[in-house]
1. Of all residues in region 233-260, how many are open to solvent by 70 Å² or more (accessible area, probe 1.4 Å) and touching a residue at least 60 places away in the same chain (Cβ under 8 Å)?
2. Taking residue 44, is it aliphatic (A, V, I, L, M), at pLDDT below 90, more than 15 Å from residue 149 (Cβ to Cβ) and in contact with a strand residue (DSSP E or B) (Cβ under 8 Å, 6 or more places away or on another chain)?
3. Within region 268-299, which residues are farther than 24 Å from residue 143 by Cβ and of a type outside the set (Gly, Ala, Ser)?
4. Pairs please, first residue from region 188-215 and on the phi > 0 side of the Ramachandran plot, second anywhere and more than 12 Å from ligand 1 (Cβ to nearest atom) and open to solvent by 10 Å² or more (accessible area, probe 1.4 Å), Cβ atoms under 9 Å, 6+ apart in sequence or on different chains.
5. Being more than 22 Å from residue 167 (Cβ to Cβ) and surrounded by 15 or more Cβ atoms within 10 Å (Cβ to Cβ): is that true of residue 302 here?
6. Restricting attention to region 73-123, which residues are small (Gly, Ala, Ser), open to solvent by less than 40 Å² (accessible area, probe 1.4 Å) and either at pLDDT 75 or above or more than 16 Å from ligand 2 (Cβ to nearest atom) (or both)?
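The values are calculated or read from the model by the stated rules, or taken from the named source; none is laboratory data. Just so we're clear, the structure is a prediction, and the values are computed from it rather than from any experiment. Quick reminder, even Gly has a Cβ in these numbers, built from the backbone with ideal geometry, and neighbours come from all protein chains shown. Quick note on the areas: whole protein, heavy atoms, side chains included, nothing else; ligands and nucleic acids left out. Shrake-Rupley method; radii C 1.70, N 1.55, O 1.52, S 1.80 Å.
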Amino acid sequence: VRRAGTVTELVGRARQGDLRAVARLVSWVEDGAEQLPELMAALADPTRGDGDGPHIVGITGPPGVGKSTLTNALVGEYRARGDRVAVLAVDPSSPFSGGALLGDRVRMQQHATDEGVFIRSMAARGHLGGLAESTPQALHVLAAAGFAVVLIETVGVGQSEIEVAGTADTVVVVLAPGMGDGIQAAKAGILEIGDLYVVNKADREGVEVAARELRRMLQLGAPVPSGGWERPVLRTVASDRAGVPELVTALDAHRAWAVGGGALRARRHARAVDEVSALALARLRDRTADADRGTALHDLADQVVAGQLDAYRAAERLLAATTAGGALSAGATPTGSS
Ligand SMILES: Nc1nc2c(ncn2[C@@H]2O[C@H](COP(=O)(O)OP(=O)(O)OP(=O)(O)O)[C@@H](O)[C@H]2O)c(=O)[nH]1
Ligand SMILES: [Mg+2]
């Protein structure tokens, strides 16, 4: 067990904006470090009000549409007005082999020496079970570090990417001309999740058609889920930052709308519900695994095999014992320190 002072010290440094401390704490989150409960307690801020904390912007969309280029351009735009920015690049499928992420790192190098920019490719190595579980924890660290904006880029449009995007205050769906946008987007479910839509590569042919088709799909779709927010369709050429100032203006407008109308609070609530239940389930998994290492689960299994106990009642007993925090048997090792 590491010294308790380390958590306090690192959090103190992170609050001062020390990027090395921030990097270290995000690594703890990724690794599911044993200090996480203590860390999260140290990060909690009871004085926080609506609209406080970073503007968390999810950037999602099909592969190759220019999400990373756009993210990079957004960083430049926010930096130009003095905002400190964090970028989480999330690749749920392959954290280590992602050539795209490697490319991103190269592209982002222009910001690498900027103390106002934190960039991290998130991987899930810890016990939490997935990026959808660990991203909210990383966001707590970044909030404490005082970033004005956190950009979360997700690769691909699978369920987990959509979940990660769903942890954002504002979700930007990026598309590009000439990819049969309408049908593909509808299939991937991204017509439901966007607050803002961007047709990137507006220097390419077909941008008019793509934007029109997208507007049509958005109008045809189910009633606007985000209550009163008119979802804009913007155009950008991310590679030369054209349209990116307008995107920032639209992001600010969505943020202001969400703070004023209560949508931000609702999203944060939904996020906290997901986070708390994910943590509870992860704990339960850990404790069940501990029961597995001991003899208790095997005793229960023997009783089920022998017909002395049905599997449901065995499961209830296992749950009762694990959630009471007690060891199931002498051989079981309780986890957690609380
Ligand atoms: N013509 C043109 N090319 C662009 C634009 N934006 C990005 N690109 C190029 O499109 C390619 C893909 O860009 P990325 O930013 O890597 O796209 P991505 O969506 O992050 O890709 P994945 O992370 O692999 O899904 C690169 O070669 C970019 O240089 C643009 O506005 N116009
Ligand atoms: Mg990318």
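1. Qualifying residue count, region 233-260: 2.
2. Details: aliphatic (A, V, I, L, M): yes; at pLDDT below 90: yes; more than 15 Å from residue 149 (Cβ to Cβ): yes; in contact with a strand residue (DSSP E or B) (Cβ under 8 Å, 6 or more places away or on another chain): no.
Taking the combined requirement at face value, the residue does not satisfy it.
3. First, pick out the residues of region 268-299 that are farther than 24 Å from residue 143 by Cβ: 284-299.
Matches in region 268-299: 284, 285, 286, 287, 288, 290, 292, 293, 295, 297, 298, 299.
4. 189/159; 189/162
5. Values: more than 22 Å from residue 167 (Cβ to Cβ): yes; surrounded by 15 or more Cβ atoms within 10 Å (Cβ to Cβ): no.
Considered against the rule, which asks whether it is more than 22 Å from residue 167 (Cβ to Cβ) and surrounded by 15 or more Cβ atoms within 10 Å (Cβ to Cβ), residue 302 comes out as no.
6. Passing the criteria: 73, 76, 86, 89, 116, 121.
Yes/no per residue for (1) more than 16 Å from ligand 1 (Cβ to nearest atom); (2) among the hydroxyl-bearing types (Ser, Thr, Tyr):
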position	(1), (2)
7	yes, no
16	yes, no
22	yes, no
28	yes, no
61	no, no
66	no, no
69	no, yes
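Here is a yes/no grid of residues against (1) more than 16 Å from ligand 2 (Cβ to nearest atom); (2) open to solvent by less than 10 Å² (accessible area, probe 1.4 Å); (3) farther than 30 Å from residue 240 by Cα; (4) not charged (D, E, K, R):
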site	(1), (2), (3), (4)
21	yes, yes, yes, yes
26	yes, yes, yes, yes
39	yes, yes, yes, yes
42	yes, no, yes, yes
48	yes, no, yes, no
51	yes, no, yes, yes
58	no, yes, no, yes
71	no, yes, no, yes
